[in-house]
Amino acid sequence: MNHRRISATVVLASVAGLLALTGGTSIASPNAATTANGAQARATTRKPCRLPAGYKHFFELHSAKNFQGNTVVRVTPETCEVNTGNDEDVIYTPSGAARSYVFASGATVKVLKDTKTVKVTPKWLVNHELANTPHFSYRLNGRSQITAMEEIYHP
């Protein structure tokens with residue numbers, strides 16, 4: 001046997017040994033996953049999160065301040081996707097640069113208290129720490145002022 005055949009045999013044996021150690025899943029498909037009993041696991045399927053009726057946007061709340069008699073919030077616009085098989089698996093992705101919005105007169109704000117939603121005034125946001133990750137859905141009027149804002153609950 002010449003040296004080339006011996007080297008090729010050694011390389012193939014090494015590759016086979018590595019595949020045996022890793023379970024061999026990389027040969028079948030790069031995206032395939034197997035469970036402990038060898039059954040094929042389903043791929044994660046995601047869909048856009050549902051917004052409350054009348055709401056069109058998501059954002060992460062960074063801060064709230066009073067400025068010249070108005071409540072102003074600093075936010076980052078986001079998109080939201082939820083795992084169709086596990087509604088606790090939610091991914092928020094920034095979709096734009098951080099910006100500030102002023103609340104319109106008479107705006108409504110709903111925040112979470114435990115698992116209930118309670119109404120507060122926009123000024124309430126200035127001095128209170130929110131318990132959850134502060135993700136909200138919101139509505140704007142024609143003057144880019146927030147008319148309604150609701151905290152999103154994801155366990």
*Round to the nearest 10 and report in Å² the accessible area of Ser63, as given by a 1.4 Å probe over the protein chains' heavy atoms.*
40 Å²
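Calculated FRET efficiency, His62 and Asn83, Cβ-Cβ r, R0 30 Å, to nearest 0.05? Write down the numbers at each step before the final one.
Numbers: r = 26 Å, r/R0 = 0.86.
Calculated transfer efficiency: 0.70.
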*Tell me the chymotrypsin sites (Phe, Trp or Tyr not before Pro) within region 57-143 that lie in a loop according to DSSP and have at most 13 other beta-carbon atoms within 10 Å.*
none
*Ser95's amide H: which non-local residues (gap 5+, or another chain) put their own amide H closer than 5 Å, with H modeled 1.01 Å from N in plane and none for Pro or chain starts?*
Glu78, Thr79
*Can you tell me how much longer the chain between Asp114 and Arg143 gets when fully stretched, taken as 0.36 nm per residue apart minus their C-alpha distance, in nm with one decimal?*
7.1 nm
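Restricting to DSSP loop positions (anything but H, G, I, E, B) with no more than 11 other Cβ atoms inside 10 Å of their own Cβ, which GluC sites (Glu not before Pro) remain in region 66-131?
On the way: sites: Glu78, Glu81, Glu88, Glu129; in loops: Glu129.
Hits after loop and neighbour filter: Glu129.
The values are calculated or read from the model by the stated rules, or taken from the named source; none is laboratory data. Because the structure is predicted, anything quoted here is derived from the model rather than measured. Quick reminder, even Gly has a Cβ in these numbers, built from the backbone with ideal geometry, and neighbours come from all protein chains shown. Side chains included, ligands, DNA and RNA excluded: accessible areas come from the protein's heavy atoms. Shrake-Rupley method; radii C 1.70, N 1.55, O 1.52, S 1.80 Å.
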